[in-house]
Amino acid sequence: AQSVTQPDARVTVSEGASLQLRCKYSYSGTPYLFWYVQYPRQGLQLLLKYYSGDPVVQGVNGFEAEFSKSNSSFHLRKASVHWSDSAVYFCVLSIRNSGGSNYKLTFGKGTLLTVTP
Amino acid sequence: NSKVIQTPRYLVKGQGQKAKMRCIPEKGHPVVFWYQQNKNNEFKFLINFQNQEVLQQIDMTEKRFSAECPSNSPCSLEIQSSEAGDSALYLCASSLRVDSDYTFGSGTRLLVI
């Protein structure tokens, strides 16, 4: 069965420092991968997505992620974080349901990012 | 501001009561999903639609949960008899296709007391 693992439940970084949030997935086929962010008392907002092609994808607000098929990873990076980046970040895998035309989302447990002054 | 509008933001119900929440998908999005997010950040798929037709739903949904997405009206998710374990954030998401990214609403936070 497919799965998404975000090994770091909490990450704390100083404002202006670089950031990497880790995501590992388990799926034998070709995955569609997303990073979403959830601010307090809000829904999920899409940061970036990977379908195919260039393994480094650019997203909103200076975020980027790199897909690695060999490592089954899709890590999120940002060169310089801002206090407003404090939120929960979810790595999400989308795969086709077996035998059907429907797709299923598998969510990681999320990483709570705290940016300190 | 989300392009998927969910109402109400908060819902408080007693056990056994009905709980109903609504969702207006992003304009032009024929695919609508409902997810339940619990306090441990576990997401549970409930049901999805494409052009008002149900594509898939889980067993739990079939028993106490009902949902519809009529044309020209908001989509809705209703719990017939609320249980304490239903307390969660209910997220509606819409998409152009089942295999593309989703736009999520801000959610309806249900508390069953």
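Set side by side, the residues B:S66, B:S73 differ, and just one is open to solvent by 10 Å² or more (accessible area, probe 1.4 Å), more than 11 Å from chain A (Cβ to nearest Cβ) and either closer than 22 Å to A:K49 by Cβ or within 13 Å of the chain's Cα centre (by Cα) (or both), which is B:S66. Of all residue pairs spaced 6 or more apart or on separate chains, those with beta-carbon atoms under 7 Å, a first member in segment A:10-32 that is of a type in the set (V, I, T) and a second member that is not in a strand (DSSP E or B) are A:V13/A:V81. Among the conditions (1) modelled with pLDDT under 95; (2) assigned to a loop (DSSP other than H, G, I, E, B); (3) open to solvent by less than 30 Å² (accessible area, probe 1.4 Å), A:L105 misses just one, which is (2).
In summary, A:R41 fulfils each of the numbered conditions (1) surrounded by fewer than 18 Cβ atoms within 10 Å (Cβ to Cβ); (2) of a type outside the set (F, W, Y); (3) away from chain B (no Cβ under 11 Å) with the single exception of condition (3). Only one of the numbered conditions (1) in contact with a Ser or Thr (Cβ under 6 Å, 6 or more places away or on another chain); (2) not in a strand (DSSP E or B) is not met by B:Q6, and that is (2). Does B:Q56 meet the test of being modelled with pLDDT under 95 and more than 8 Å from chain A (Cβ to nearest Cβ)? It is false that B:Q56 is modelled with pLDDT under 95 and more than 8 Å from chain A (Cβ to nearest Cβ). Scanning segment B:83-105 for residues that are open to solvent by 30 Å² or more (accessible area, probe 1.4 Å) and either small (G, A, S) or under 10 Å from the mean Cα position of the chain (by Cα) (or both) yields B:A84, B:G85, B:S87.
Comparison of A:Y89, A:Y50, A:Y36, A:Y103 shows that the only residue that is in contact with a Lys or Arg (Cβ under 6 Å, 6 or more places away or on another chain) and either within 14 Å of chain B (Cβ to nearest Cβ) or without any contact (Cβ under 8 Å) to a residue 12 or more places away in the chain (or both) is A:Y103. Residues B:K39, B:K27: which one is open to solvent by 10 Å² or more (accessible area, probe 1.4 Å), out of contact with any strand residue (DSSP E or B) (no Cβ under 6 Å at 6 or more places or on another chain) and either within 12 Å of chain A (Cβ to nearest Cβ) or hydrophobic (A, V, I, L, M, F, W, C) (or both)? Selected residue: B:K39, the only one of B:K39, B:K27 that is open to solvent by 10 Å² or more (accessible area, probe 1.4 Å), out of contact with any strand residue (DSSP E or B) (no Cβ under 6 Å at 6 or more places or on another chain) and either within 12 Å of chain A (Cβ to nearest Cβ) or hydrophobic (A, V, I, L, M, F, W, C) (or both).
Which members of segment A:27-38 meet the condition of being open to solvent by less than 80 Å² (accessible area, probe 1.4 Å) and more than 12 Å from the chain's Cα centre (by Cα)? A:Y27, A:G29, A:P31, listed by residue number. Does any residue of segment A:70-80 turn out to be in contact with a Leu (Cβ under 6 Å, 6 or more places away or on another chain) and among the hydroxyl-bearing types (S, T, Y)? Within segment A:70-80, none of the residues are in contact with a Leu (Cβ under 6 Å, 6 or more places away or on another chain) and among the hydroxyl-bearing types (S, T, Y). Condition first: open to solvent by 70 Å² or more (accessible area, probe 1.4 Å) and closer than 27 Å to A:K109 by Cβ. Can you find one or more residues in segment B:42-50 that meet it? The answer is yes, given that some residue of segment B:42-50 is open to solvent by 70 Å² or more (accessible area, probe 1.4 Å) and closer than 27 Å to A:K109 by Cβ.
Considering (1) within 19 Å of A:Y103 (Cβ to Cβ); (2) in contact with a strand residue (DSSP E or B) (Cβ under 6 Å, 6 or more places away or on another chain); (3) away from chain A (no Cβ under 11 Å); (4) in a loop (DSSP other than H, G, I, E, B), the lone condition that B:S82 does not fulfil carries the number (1). Selection over segment A:47-83 of residues that are surrounded by fewer than 17 Cβ atoms within 10 Å (Cβ to Cβ), not small (G, A, S) and not in a loop (DSSP other than H, G, I, E, B) gives a count of 8.
The values are calculated or read from the model by the stated rules, or taken from the named source; none is laboratory data. Fair warning: this is a prediction, and the values are worked out from it, not measured in the lab. Positions of Cβ are backbone-derived with ideal geometry, glycine not excepted, and every protein chain shown enters the neighbour counts. The accessibility values were calculated without ligands, DNA or RNA, using every heavy atom of the protein model including side chains. Shrake-Rupley method; radii C 1.70, N 1.55, O 1.52, S 1.80 Å.
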